[in-house]
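Undergrad: Just passing along the structure, written as structure tokens.
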Amino acid sequence: MTSEPLPLVRCAHPAQALIVGLLLCLSFAAVGIAPGVVTLVWLAMVTPSLVIIDLRLRRLPNVLVVPGLAAAFVDGCWATVSSGEFPVAALLTTSTVAVVMLVLNLVGGLGMGDVKLSVVMAGCLSLVSPLLAVLALMLAFFVGGGYSAALLLRRREPRGRRMAFGPLLLVAFWAVVALRALSSIGVVSVS
């Protein structure tokens, strides 16, 4: 364990504040004031810190990720109350993502922070569309595989060293949110 303090949810640099602001705008453009926005706002606020911490320390701290699980729960309750129906498809999608990611953790491919972050992201996106949740996860693995292959070919990283997967999960998540925002304003069509 390292004794280095963790940079939590704070914008130590103006660029971080700008990123948070842009992600908040993207969040509201994607879903408006509707189920999913609570988790989107939480993720927008913690994304810069999660990226920095994971790149530096190769971990995603519970203090930043676990409240996202609560936010996803709030969004799920909101979806249930507002529609009058329990979001079964969202629950099934999120549960499937959780199981797949836990299996990958057990075989040594991912850290638990990556698993929890994936569940938060799937919980959020699956309320909008289960397809978006799956798309974000597939995109993260695709980009991660390409990045790993490039590092191995360039011999930049030792074979046994773990890659910081959290930033790739977040990039894929925000790319899908951006796609949803573009769809909301009619630029592209996404189901």
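The values are calculated or read from the model by the stated rules, or taken from the named source; none is laboratory data. In this text, all values refer to a predicted model and were calculated from it rather than measured experimentally. All Cβ positions, even for glycine, are placed from backbone atoms using ideal geometry, and neighbour counts span all protein chains on display. Each accessible area value is taken on the protein alone, full model and side chains, heavy atoms only, with ligands, DNA and RNA left out. Shrake-Rupley method; radii C 1.70, N 1.55, O 1.52, S 1.80 Å.
Undergrad: Of the numbered conditions (1) out of contact with any Phe, Trp or Tyr (no Cβ under 9 Å at 6 or more places or on another chain); (2) farther than 20 Å from Pro35 by Cβ, Thr93 satisfies every one except a single condition; which is it?
TA: Tallying (1) out of contact with any Phe, Trp or Tyr (no Cβ under 9 Å at 6 or more places or on another chain); (2) farther than 20 Å from Pro35 by Cβ, Thr93 fails exactly one: (2).
Undergrad: Still on this structure, please answer the following. Quick check on this structure: which one of Leu153, Leu92, Leu125 is assigned to a helix (DSSP H, G or I) and either under 16 Å from Val171 (Cβ atoms) or within 14 Å of the chain's Cα centre (by Cα) (or both)?
TA: Answer to the check: Leu125.
Undergrad: If you go through segment 57-79 one residue at a time, do you hit one that is in contact (Cβ under 8 Å) with a residue 24 or more places away in the chain, outside any helix (DSSP H, G or I) and closer than 27 Å to Ser183 by Cα?
TA: no
Undergrad: Quickly run through segment 95-115 and pick out the residues that are open to solvent by 80 Å² or more (accessible area, probe 1.4 Å) and outside any helix (DSSP H, G or I).
TA: Val107
Undergrad: When segment 56-77 is examined, which residues are found to be open to solvent by 80 Å² or more (accessible area, probe 1.4 Å) and either closer than 15 Å to Met121 by Cβ or touching a Pro at 6+ places or on another chain (Cβ under 8 Å) (or both)?
TA: Across segment 56-77, the qualifying residue is only Phe73.
Undergrad: Can you go through Leu127, Leu110 and tell me which one is closer than 25 Å to Pro48 by Cβ and either hydroxyl-bearing (Ser, Thr, Tyr) or at pLDDT below 95 (or both)?
TA: The conditions single out Leu110.
Undergrad: Here is a follow-up. Based on this model, can you work out whether Ser83 counts as out of contact with any helix residue (DSSP H, G or I) (no Cβ under 6 Å at 6 or more places or on another chain) and of a type in the set (S, T, N, Q)?
TA: Answer is yes for this residue.
Undergrad: Among the numbered criteria (1) under 24 Å from Leu182 (Cβ atoms); (2) open to solvent by 10 Å² or more (accessible area, probe 1.4 Å); (3) in contact with a Leu (Cβ under 9 Å, 6 or more places away or on another chain); (4) in contact (Cβ under 8 Å) with a residue 24 or more places away in the chain, which single criterion is violated by Phe28?
TA: For Phe28, the exception is condition (4).
Undergrad: Do the conditions hold for Val103, that is, is it free of Cβ contacts under 8 Å to residues at least 40 places away in the same chain and closer than 19 Å to Phe165 by Cα?
TA: yes
Undergrad: Restricting the first residue to segment 119-134 and requiring it to be surrounded by fewer than 24 Cβ atoms within 10 Å (Cβ to Cβ) and charged (D, E, K, R), which pairs with a second residue that is modelled with pLDDT of 95 or more and in a helix (DSSP H, G or I) meet a Cβ separation below 6 Å and a spacing of at least six or different chains?
TA: Matching pairs, first to second residue: none at all.
Undergrad: Inside segment 38-55, can you point out the residues that are closer than 12 Å to Val120 by Cα and either open to solvent by less than 10 Å² (accessible area, probe 1.4 Å) or of a type in the set (Ser, Thr, Tyr) (or both)?
TA: Thr39, Leu40, Leu43, listed by residue number.
Undergrad: Checking Ser82 against (1) more than 18 Å from Leu170 (Cα to Cα); (2) in a loop (DSSP other than H, G, I, E, B); (3) touching a residue at least 12 places away in the same chain (Cβ under 8 Å): exactly one of these is not met. Which one?
TA: (2)
Undergrad: Of everything in segment 144-161, what is within 30 Å of Leu91 (Cα to Cα) and either at pLDDT below 85 or surrounded by 17 or more Cβ atoms within 10 Å (Cβ to Cβ) (or both)? Give them in sequence order.
TA: Gly144
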